[in-house]
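Report on the following structure.
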Amino acid sequence: MASVLILAAAGAAVAALLALRLWVVLHSRVLVPRQSLSLLVVAGSGGHTTEILRLLENLSNAYSPRHYIIADTDEMSARKINSFELNRADRDPSTMLPEYYIHRIPRSREVQQSWLSTVLTTLYSLWLSFPLTHRVKPDLVLCNGPGTCVPICISALLLGILGIKKVIIVYVESICRVEHLSLSGKILFHLSDYFIVQWPALKEKYPKSVYLGRIV
């Protein structure tokens, strides 16, 4: 009986420490000035990739290297990213070779996939995402709603919880979301450092979000 109580007390202490560490990570937004920022971009199929690339058009070359995460079956996004980076290099004569990388992870959820199996595929995606995120160690994660961004953002958060590196997470809700958040948005609203919406109705519902108007 005594050993059970000791184990329970130890478990509670560990849980409390992890909760405290999570709170510190979520409320720490200290940025150290530097010449460049390693950027990890989560791209999704279809409109998500188009929107995220429009956002990147306005970023300087200081956001380099750029690491793109796509689903393992998403060939269209890979073509769009390669085209975007080549066009970017052509517009900027100072850029000799674009410094970017494309990484692939399994999809968290396929279209019409059941919610029960989604939990399993998301956990599998998370299992593969953490080693990738740990290897890249980005300064900033930028995403806009594809299901793939959930395991990546959780992995980035784990880097901070484990004391490896504080990663800034910026979530931009899709322009298509006028009155309601996407499922990814609902999950990451409490985990991101900056949560950006593009419609005033969402800003009213979620006061802690950042409203900058239409940015894509």
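The values are calculated or read from the model by the stated rules, or taken from the named source; none is laboratory data. The shown structure was predicted, so the numbers you read here are calculated from the model rather than taken from an experiment. Cβ placement follows ideal geometry from the backbone for every residue including glycine, while neighbour counts extend to all protein chains displayed. SASA here: full protein model, heavy atoms, side chains in, ligands and nucleic acids out. Shrake-Rupley method; radii C 1.70, N 1.55, O 1.52, S 1.80 Å.
Using the Karplus equation 6.51 cos²θ - 1.76 cosθ + 1.60 (θ = phi - 60°), what ³J(HN,Hα) coupling, rounded to whole Hz, does each residue of segment 35-48 give in order, writing x for Gly and Pro?
Running phi through 6.51 cos²θ - 1.76 cosθ + 1.60 with θ = phi - 60° gives 6, 9, 10, 6, 10, 10, 10, 9, 9, x, 5, x, x, 4 Hz.
Cα to Cα, under 18 Å, and not fewer than 8 places away if on the same chain: which lysines meet these conditions relative to Lys208?
Candidates past the 8-residue exclusion: Lys186.
What nm value, rounded to one decimal, do you get for the distance between Trp127 and Ser60 when each label is placed 7 Å out toward the C-beta?
Those two pseudo-labels are separated by 4.3 nm.
Could you go through segment 180-196 in sequence order and give the Karplus-derived ³J(HN,Hα) for each residue, using 6.51 cos²θ - 1.76 cosθ + 1.60 with θ = phi - 60°, rounded to whole Hz, and x for Gly and Pro?
Once rounded to whole Hz, the list reads 10, 6, 6, 4, 4, x, 5, 6, 8, 4, 8, 10, 7, 6, 9, 10, 9.
For the pair Gln35 and Ser114, what calculated FRET efficiency results from E = 1/(1 + (r/R0)^6), where r is the Cβ-Cβ distance and R0 = 45 Å, to the nearest 0.05?
0.45
Could you tell me the relative contact order of segment 33-211? Use alpha-carbon pairs under 8 Å, at least six residues apart, and round to a whole percent.
After rounding, I find 20 percent.
Run the accessible area of segment 33-211 with a 1.4 Å probe and give the carbon-and-sulfur part as a rounded percent.
61 percent
How large is the accessible surface of Cys153 in square angstrom, using a 1.4 angstrom probe and rounding to the nearest 10?
Accessible area, nearest 10 Å²: 0 Å².
Using the beta-carbon distance between Thr50 and His190 and R0 = 30 Å, what value does 1/(1 + (r/R0)^6) give for FRET efficiency, to the nearest 0.05?
The computed FRET efficiency comes out at 0.65.
What's the extension gain from Leu183 to His134 if we count 0.36 nm per residue and subtract their Cα-Cα distance?
Taking 0.36 nm per residue and subtracting the Cα distance, the gain is 15.1 nm.
In percent, how large is the relative contact order of segment 149-192, given Cα pairs closer than 8 Å and 6 or more residues apart?
Taking the mean separation of contacting Cα pairs over the length of segment 149-192, I get 43 percent.
Of Val197, Val210, which has the most accessible area with a 1.4 Å probe, and how do the rest follow in descending order?
From most exposed to least exposed: Val210, Val197.
Aspartates and glutamates near Lys165 by alpha-carbon distance under 20 Å, same-chain residues fewer than 8 away left out - which ones?
The qualifying aspartates and glutamates are Asp139, Asp193.
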